[in-house]
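The values are calculated or read from the model by the stated rules, or taken from the named source; none is laboratory data. Not measured: the values here are computed from a predicted model. Cβ: placed from backbone, ideal geometry, glycine included. Neighbour counts: every protein chain shown. We work out accessible area using only protein heavy atoms, side chains counted, and drop any ligands, DNA or RNA first. Shrake-Rupley method; radii C 1.70, N 1.55, O 1.52, S 1.80 Å.
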Amino acid sequence: MKKKYLIILIISISLIAGCITQFIPETDDSTNILVVEGIITDMNRNHRIKISRTLPLGKFVAPKPVKGCLVSIIDENNTSYSLKEFPTGTYTTDSTKFCAHVGGKYELKIVFGNHTYLSSQMEMVPVPQIDSLFYEKVLITESNEFGRAEEGCRIYLDTNDPEKKCLYYRWDFTETWEFNIPYNAVQRSKCWITEASDRIHIKNTSIYDQARVSRYPLLYISNETDRLKDKYSIMVKQYSLSQDEYNYWEKLQHVYENVGGLYDVTPMVIPSNIRSLNDPDEIILGYFSVSAVAEKRIFIDERFEGMPFLYNNCPADTVYGGSNVPIEGLNSYAWVIEDYTYLLDGPYRVITYAKECADCTTRGSDVRPSFWSD
């Protein structure tokens, strides 16, 4: 049983971290645990509940979606809102019929075959606006091996609820940054990369006199990435939490940040707020979250010293002559990145054998984000 609980814990961490752990212990135990992931907010949008089951250990695959469930959300007035399944295992609300509100109380109900699952009733706590989202430069080194300074930055936020209605907070964020391939013959040279956060950020203010968060260290960006080389943006979402949900995230955070190896943490099962009405001993993973949300975005468009240059190894060969000189494997395994065939004296082209040096869509998207500003 101890081994089984440890496995359950590792699965829970994988769900939150957004990946599947690469080490699977050898064991005779098999798992077929119900996994429920979902959040409803006060944003006027469709909300999704994902339902799946873990597969027997030893199979390096994601949890299997559970299709054919009857999923509904029940509010404080006992009004039931049905969710539609699409795609398989994902159940979605209809924003024209269901919109959660601050002060509302909600339960998640899942009927699958002869089994019924019900969440605790969750109240939507109000959330204040993010007062400030800002960054500060960090001097990494005054002088590197080339005699140059290297810089990064830290991103902080401030928030405050004078009425002390929101005492527990959670944040996640989405980063977007522009990058450019610095060669004159590259057709797709400007792209954008978007990545979601994969860490747990929470704060308990109930232990203080004020529900205030000051200089919360949300993210550190070093010069080992090209995020700050051209232009960078971060969108932060701030969620209100109940005390019970805060406790859930705190346990996950403790495990996620302190597990140095598979057996470095005492085995435990992190309780869900969803229970089986047929079998009170059934273990269920995940949490039905109910939160109000506030958002804030900033851009960083400033010069940072010591940014990496990722294209030093791109030039691979030089083809002398005009544009009529053939290049073997052109646009298949060889790409032109510098074109000087217009020169009257010694025209030439520089080629690369690495597509990422000639096409930015190998790393990102060349579709400009709708929120991007010049």
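Things worth noting here:
- The chymotrypsin sites (Phe, Trp or Tyr not before Pro) of the range 156-264 that meet both conditions, a loop assignment by DSSP and at most 10 other Cβ atoms within 10 Å of the site Cβ, are 263.
- GNM result for the chain, Cα springs below 10 Å: residue of 150, 123, 245 fluctuating most strongly: 150
- The calculated FRET efficiency for residue 305 paired with residue 96, based on their beta-carbon distance and R0 = 35 Å, is about 0.10.
- Segment residue 190-residue 348, length gained on full extension (0.36 nm per residue, minus Cα span): 54.5 nm
- Degrees between helix 2-17 axis and first principal axis of the chain (Cα, 0 to 90, nearest 10): 50
- Length released on extending from residue 313 to residue 356, taking residue separation times 0.36 nm less the Cα-Cα span: 14.4 nm
- Angle in degrees between helix 243-258 and the longest Cα principal axis of the chain, rounded to the nearest 10: 50
- The trypsin sites (Lys or Arg not before Pro) found in the range 274-369 that occupy coil by DSSP, while having at most 14 further C-beta atoms within 10 Å, are 303, 363.
- Low-density loop positions, chymotrypsin sites (Phe, Trp or Tyr not before Pro), the range 107-148 - DSSP coil, at most 15 other Cβ in 10 Å: 146
- What the range 84-212 shows is 53 Å² of accessible area per residue, with the surface traced by a 1.4 Å probe over protein heavy atoms.
- Relative contact order of the chain, pairs being alpha-carbon contacts under 8 Å that are 6 or more residues apart, as %: 18
- Using a probe of 1.4 angstrom and keeping all protein chains present, the accessible surface of the range 296-337 works out to 64 square angstrom per residue.
- Residue 276/residue 230 FRET efficiency (R0 45 Å; Cβ-Cβ; nearest 0.05): 0.30
- Rolling a 1.4 angstrom probe over the chain with all protein chains present gives an accessible area of which 46% lies on carbon and sulfur atoms.
- Sorted largest first, the principal axis extents computed over the alpha-carbon atoms of the chain equal 83, 50, 47 Å.
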